[in-house]
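The values are calculated or read from the model by the stated rules, or taken from the named source; none is laboratory data. What you are looking at is a predicted structure, and each value in this text was computed from that prediction instead of being measured. Every residue, glycine as well, gets a Cβ built from its backbone with ideal geometry; the counts of neighbours run over all protein chains shown. Keep in mind that these areas ignore ligands, DNA and RNA; they rest on the heavy atoms of the full protein, side chains included. Shrake-Rupley method; radii C 1.70, N 1.55, O 1.52, S 1.80 Å.
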Amino acid sequence: MNKYALITGAGRGIGRAIAQRIAKNGYHVLINYRSNHEEAQRTLDAIVAQGGQGTLMPFDVSDAQAVQQNIEAWYKDHPNDYIELLVNNAGIRKDNLMVFLNPEDFDKVVSTNLSSFFYVTKLIVPEMIRHRNGRIVNIASLSGVKGTPGQTNYSAAKGGLIAATKALAQEIAKKHITVNAIAPGFIHTDMTEGLDEEMLKKFIPAARFGEPEEVAALVAFLASPEAAYITGECININGGLYS
């Protein structure tokens, strides 16, 4: 039986790094993405090049109906398998000061970063419970830990994701399923392009931005048997930046 892992938003950045690292650990990786097929294919090509297995799984995680259709279709095609590892990584930013933030940008950010956790996880957890085994890792953010000006919507979504992580962990711990969050700080990805890195590094004790592979390594640990007693945690990975 193959071990399957679903990584949402795995087309690039942190998601791609996680997909590649998890594939090295023997998982068949389901590479979720919304619309950028070319980048998702690059993720799959990188996995195959390192001797791993993967499958493209396009759908919009903020669309509850699309999530249900695609995950239910996967289970129908794989009646003897289940998704053992779920990494809720998909996310977007639409930054603005609160006084200029429009309702559409607030709702879209919350839907993609937080509601998607509910839509996807609700469909994955039942099979984890039936098999009495599973790992769920939610990619939160420093913004969800401390709040960031100009990111009221993003901070609210990621803060909610951290709280949901802690609640769900308590619900299913007895079923041998762990639920943890990771809160990255400034990581070299598309989402940090355009930021003044030289200025921001002055506020980071480690004096640098992190790399996607460093986040992926933490995900791999939380997915491992060695992390079986860690649940309901939000682990910061930010070079010491907390305020």
Matching residues in the range 185-215 - criterion: being touching a residue at least 40 places away in the same chain (Cβ under 8 Å) and β-branched (Val, Ile, Thr) | ILE187, THR189, VAL215
Among the residues of the range 35-78, write down those that are of a type in the set (Ser, Thr, Tyr) and part of a helix (DSSP H, G or I).
-> THR43, TYR75
Flagged in the range 79-101 as part of a loop (DSSP other than H, G, I, E, B) and exposed (fewer than 11 other Cβ atoms within 10 Å of the Cβ), in numbering order, are PRO79, ASN80, LEU97
Check on SER116, assigned to a helix (DSSP H, G or I), open to solvent by less than 20 Å² (accessible area, probe 1.4 Å) and farther than 22 Å from PHE186 by Cα | yes
Qualifying positions in the range 1-18 - under 21 Å from VAL125 (Cβ atoms) and not in a strand (DSSP E or B) | MET1, ASN2, THR8, GLY9, ALA10, GLY15, ILE18
Give the residues of the range 7-66 that are farther than 22 Å from ARG135 by Cβ, polar (S, T, N, Q) and crowded, with 21+ Cβ neighbours inside 10 Å, sorted by residue number.
-> SER62
Only one of (1) assigned to a loop (DSSP other than H, G, I, E, B); (2) open to solvent by 60 Å² or more (accessible area, probe 1.4 Å) is not met by GLU198, so which one is it?
-> (1)
State which residue pairs qualify: first residue within 20 Å of VAL137 (Cβ to Cβ) and inside the range 105-116, second residue surrounded by 18 or more Cβ atoms within 10 Å (Cβ to Cβ) and of a type in the set (D, E, K, R) in any location, beta carbons under 7 Å apart, and separation of 6 or more residues or different chains.
-> ASN113/LYS158
Looking for whichever is farther than 18 Å from VAL87 by Cα, at pLDDT 95 or above and basic (Lys, Arg) here; the options are LYS166, LYS108. Which one fits?
-> LYS108
Could you run through the range 143-159 and say how many residues are in contact (Cβ under 8 Å) with a residue 24 or more places away in the chain, in a helix (DSSP H, G or I) and buried (at least 18 other Cβ atoms within 10 Å of the Cβ)?
-> 8
Does ALA183 count as within 18 Å of LEU86 (Cα to Cα) and not in a strand (DSSP E or B)?
-> no
